[in-house]
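Asks: Here it is, the structure in full.
The values are calculated or read from the model by the stated rules, or taken from the named source; none is laboratory data. Nothing here was measured: the structure is a model prediction, and the numbers come from that model. Quick reminder, even Gly has a Cβ in these numbers, built from the backbone with ideal geometry, and neighbours come from all protein chains shown. Just the protein is used for accessible areas: all its heavy atoms, side chains included, with ligands, DNA and RNA removed. Shrake-Rupley method; radii C 1.70, N 1.55, O 1.52, S 1.80 Å.
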Amino acid sequence: MERKIDGFLESWYTRRERLPLLLFGARQTGKTYAVKKFASKRFTNLVYLNFEENSALCSLFDEKIDAATVIRNIELYASKQIDPAHTLIFLDEIQLCERALTALKYLAEEAAEYPVIASGSLLGVMINRTRHSFPVGKVTFKKLQPLDFEEFLWAMDQRMLSEAILEAYSKLEPLPEPIHCNALEWMDLYLYLGGMPAVLNAFLSDRQSDGPNGNFELADEKKTDLLTAYLADMSKYASSTESNRIMAAFNSIPAQFAKENHKFQYRLIQKGASSTLFGPSLEWLENAGLINRCYRLNQPVFPLSGNQDIGAFKVYLHDTGLLARLLGASPGEILLPKLDGNTRGAVTENYVAAALLKNFEDIYYWEYKSQAEVDFIVQMKNSAVPIEVKSGGSVKSKSLRSYCNRFSPETAIRFSRRHFGKTNHIVSLPLYAVFCLSSR
């Protein structure tokens, strides 16, 4: 599959002052595949160390971790001399070897000519517990998330459609009705499948036609496998008491979405739950890349982070297809546009949140005395832009109007199943165009 990370890896490698790259993100988002694919195109050789498959590799970093010693030990392990002009060093699941993580500092300072990529599924969790020095300022960070809708279209051999959507967005001109409907059908399929590479590969392997139809059995099985693997990680990389709380918090996500107001409520985890008991559990899930938080904004005043209410937030899963599975959704519930129930609304809102976080550092929401709520607020250049999400046919926006009357934003955005357009200061965008938005 072609990914946007492919272009990033190329630009990283050609930087004049290149630092070791630290690629992180949730398990099974395609980190290892992307790096190996890049290596096959750019390098003659790849030296690959996976600390999860072979924990004994950590002993290579037990003693001295200056660059010369590290390179020499890796050469001895690989039984080949490393030519920095033709060889990529790839340290996979590096969070399991804290000394190797620290060694990146010395590789950056003393052996910058060697291209080094490190990756990890639980880097965020392990970094917070590291006993050794973390190479602050000595690595380039990059988070890999599931495929967004544009990448999904590429995978489905619909590049022409993705380009047409981008062009229509740039002009705010509607696509012809048959193309618009086709784009919505592909988006509905994405809402159900999500963007996890293994799920999409399973769907493509059992595909019945070239259109947005197919057999979902293998894809659903793969979703279940992924969710099971996440739960196994919680047991493996946390203490018994902590893992039970993490799993309870994770398993409460369907209940959080079942109510009309999606603000996270600890009481839905279990009786007597509180932020004191389960706050660390949510932090674990966030650091593992499994959830994203959206904090309530008291006022759209810059800096936005300085006006957030850290006690009020919504939680979104990192992948909309996995959320659909957690909610017990069937293909019909998501793929049929006429169904506007809670499941479809929850999955659609999660999809927009995940898509926004591809191009925006933070997302917020706004609420006023439980009378009005705007789904998202993002910073575009020097403006706070309110975003309303409509999963069905109705586009009545009482909350958005309330926000606009109160704060008079230059631009407001409404996502729905309708065409591109603009009325006064409200920009109407079809849901399939979320990937077009940029903070720049």
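Asks: Using modelled backbone amide H atoms (1.01 Å from N, in-plane), which distant-in-sequence or interchain residues come within less than 5 Å of GLU388's amide H?
Replies: Amide H to amide H, under 5 Å and 5 or more residues apart or across chains, GLU388 pairs with ILE413, ARG414, PHE415.
Asks: Quick one: which of 64-74, 295-305 comes out on top by average Cβ neighbours within 10 Å, and what's the full order, highest first?
Replies: By packing density, highest mean first, the sequence is 64-74, 295-305.
Asks: Now for a different question. Looking at the chain only, what percent of DSSP beta bridges run antiparallel? Nearest 5 please. Walk me through the intermediate numbers first.
Replies: Working: 20 of 49 bridges.
Given both bridge residues lie in the chain, the antiparallel proportion sits at roughly 40 percent.
Asks: So for the chain, taking the charge dipole from beta-carbon charges (+1 Lys/Arg, -1 Asp/Glu), which of LEU429, SER330, VAL139 sits furthest toward the positive end?
Replies: Positive-most Cα among the choices belongs to LEU429.
Asks: Please sort 89-98, 254-263 by packing, taking for each peptide the average over its residues of neighbouring beta carbons within 10 angstrom, highest first. Intermediate values should be presented prior to the final figure.
Replies: Values: 89-98: 23.5, 254-263: 14.8.
Ranked by mean Cβ neighbours within 10 Å, highest first: 89-98, 254-263.
Asks: I'd like to check one number: the per residue accessible area of the stretch 267-367, probe 1.4 Å, reported in Å² as a whole number.
Replies: 40
Asks: Can you give me the orientation-averaged projected area of the convex hull built on the Cα atoms of the stretch 1-128, in nm²? Can you show the working numbers first?
Replies: Working: hull surface 30.2 nm².
Result: a mean projected hull area of 7.6 nm².
Asks: Mind giving me the nanometre distance, one decimal, between the label points for GLU242 and SER305, set 7 Å out from Cα along Cα→Cβ?
Replies: My value for the distance between the label points is 2.4 nm.
Asks: Just the Kirkwood number for the chain, please: inverse of mean 1/r across all distinct Cα pairs, in Å, one decimal. Kindly include the intermediate steps, with their values, before the conclusion.
Replies: Working: mean 1/r = 0.0430 Å⁻¹.
Evaluated on the chain, it is 23.2 Å.
Asks: Once you have the alpha carbon radius of gyration of the stretch 307-440, what is it after dividing by 2.2 N^0.38 Å, with N set to its residue count? Could you put the intermediate results ahead of the total?
Replies: Numbers: Rg = 14.6 Å, N = 134, 2.2 N^0.38 = 14.1 Å.
Rounded to two decimals, the normalised Rg is 1.03.
Asks: Would you be so kind as to identify which of ASN382, GLN28, LEU200 lies farthest towards the positive end of the dipole of the chain, taking Lys and Arg as +1 and Asp and Glu as -1 on Cβ and the Cα centre as origin?
Replies: Looking along the dipole axis, the top candidate is ASN382.
Asks: If you don't mind, another one. Express the carbon and sulfur contribution to the solvent-accessible surface of the stretch 49-139 as a percent, rounded to the nearest whole number, probe 1.4 angstrom. Working shown, then result.
Replies: On the way: 1850 of 3950 Å².
Answer for the stretch 49-139: carbon and sulfur cover 47 percent of the accessible area.
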